[in-house]
Amino acid sequence: MTRSKLFLSTIVLLVPLFAAGQAAVDSPRSADLNISAKARAIHESALIVDTHADTPQRFLDEGFDIGSTDPKDIGHISLDKVHRGNLGAEFFSIWVEPETNQGHFAKHTFDLIDSVYEQAARHPGRIMMAFSVADIERAHREHKLAALLGIEGGHSIENDIHLLRDYYRLGVRYMTLSWSNTNEWADSSGDVNDSKVQHHNGLTDFGKQVVLEMNRLGMMVDVSHVADKTFWDTIETTKAPVIASHSSARALVSAPRNMTDDMLRAVAKNGGVVQVNFFNGFIDQNYWDAAKAQAKDRDAAVQKYIDQLKAEGKTVTYLDTDRVEREWGARIPRPPLKSLIDHIDHIAKVAGVDHVGLGSDFDGVSGATPQGIDSAADLPKITQALLDRGYSAEDIHKILGGNLLRVFREVERVSHEMQARPATAGAQ
Ligand SMILES: [Zn+2]
């Protein structure tokens, strides 16, 4: 009952955006009919940057080839989809599941990094590894996807600043200080209320050192996922602008991983950028409530499936949990694209249009993206929706990638400045 009611309101909201109707979503050619010539021109002249896709797990665990043109593939990212959506740069997320990889975080980090390089090596005419703003711009000129690396979760450095530097040398250009797990130096929003977990009241002294070393190296500091106190400690510590690589607004959806208006304003003051996460649970309160209500049963179903696989002597990968998560997620009505646009709009209003961008979380949300956004090929719909809300071409370009590039450039500048200073002990 709730479902059909929601579904109806959804259609009403979508009509002005997609006059050609629902059937248009799957085929790129017919989807194009929903995008005006003006929106298409704005979209195609933009350098589009997305700061979070979990596709490396597909590369590593599934043997997925980014060159795949399989029409039945339900993934969000492929070279074909990237091309159709005019995506210029993707930050591939290096995410190490902390429970199953206990004791070998670094090894799994290296394996995932390798998987991205291997994809670039397979398709040299269509992808290039990128490590700087200049690289992203060069890839764009050469009509290639710029592939960048971001580590999602400070546990990957195994409390070792040397490893952090090694990751930078391998090309990692941002690190999310924590994932959903509190590590030994940064509290996470994912377990901050769990009394069984040892917390630090934000960042430890070592955590602050990590932030400063990232500033010195030129690695962007990512505050997505962190506990509120960790966020504020980071803002106080950092010498360079921060990013939230995939975070939405808490004023609209009460997920603790979303950012409050005070945080949005602090990022603006810091010169940073908040890249909006497309996950239904973070952009739509109805979805969040429904997902929370089913959490216990869903988690039990996931665990049961894992136990069953283990009993059969099979290796469990993210694919197995993803399969069950998808089934459960599909029971909740998919929110309209409007929900996503509302977050971009809210952050643009609270923090300013210079401080918002796109951090899709593609391939990391078990398919739970809003209606109309089935893959990177659907990015032009976001441009159309922003245009419909009165955003100028210039502002849309900032949101689609310009803001992130500005922050990345400033992070590079701060790094050069810090490295030019003599490293005398105690010198300020
Ligand atoms: Zn994440």
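Here, each number is a calculation from the coordinates, and none is a lab measurement. Given the structure is predicted, the values throughout are model-derived calculations rather than measurements. With ideal geometry, Cβ positions are generated from the backbone for all residues, glycine too; neighbour counts draw on all protein chains shown.
Tabulated data
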quantity	calculated
Segment 333-428: C-alpha gyration tensor shape, a/c 1.5 cut-off, then a/b vs b/c	prolate
Lys, Arg +1 and Asp, Glu -1 on Cβ, resulting dipole of the chain about Cα centre, debye, nearest 20	940 debye
Cα-Cα over 26 Å, subset of Lys81/Lys349; Lys229/Lys304; Lys349/Lys398	Lys81/Lys349; Lys229/Lys304
Shape of segment 203-341, Cα gyration tensor, a/c cut at 1.5	oblate
Within-9-Å neighbourhood charge of Ser224 [Cβ basis; K, R +1; D, E -1]	-1
Neighbourhood net charge (14 Å Cβ-Cβ; Lys/Arg +1, Asp/Glu -1) for His140	-2
GluC sites (Glu not before Pro), loop per DSSP, at most 12 other Cβ atoms within 10 Å - longest free stretch of the chain	143-311
Computed label-point distance, nm, for sites Glu62 and Asn101 using a 7 Å Cα→Cβ extension	1.7 nm
Selected from His200, Tyr167, Gly329, residue furthest toward positive end of dipole (the chain; charges at beta carbon)	Gly329
Förster radius 30 Å - calculated FRET efficiency between His162 and Glu236, Cβ distance, rounded to 0.05	0.75
Computed lengthening from Asp262 to Phe206, 0.36 nm per intervening residue step minus Cα-Cα distance	17.6 nm
Radius 13 Å from Cβ of Asp345, net charge of other residues (Lys, Arg +1; Asp, Glu -1)	0
Nitroxide proxy distance, nm - points 7 Å out along Cα→Cβ at Lys349 and Asp289	2.1 nm
Candidates Asp261, Asp222, Asp363: whichever shows maximal mean-square fluctuation once the chain is modelled as a Gaussian network with Cα springs under 10 Å	Asp261
Candidate aspartates and glutamates - alpha carbon under 19 Å from Lys38, same-chain residues fewer than 8 apart omitted	Asp378, Asp388, Glu394, Asp395
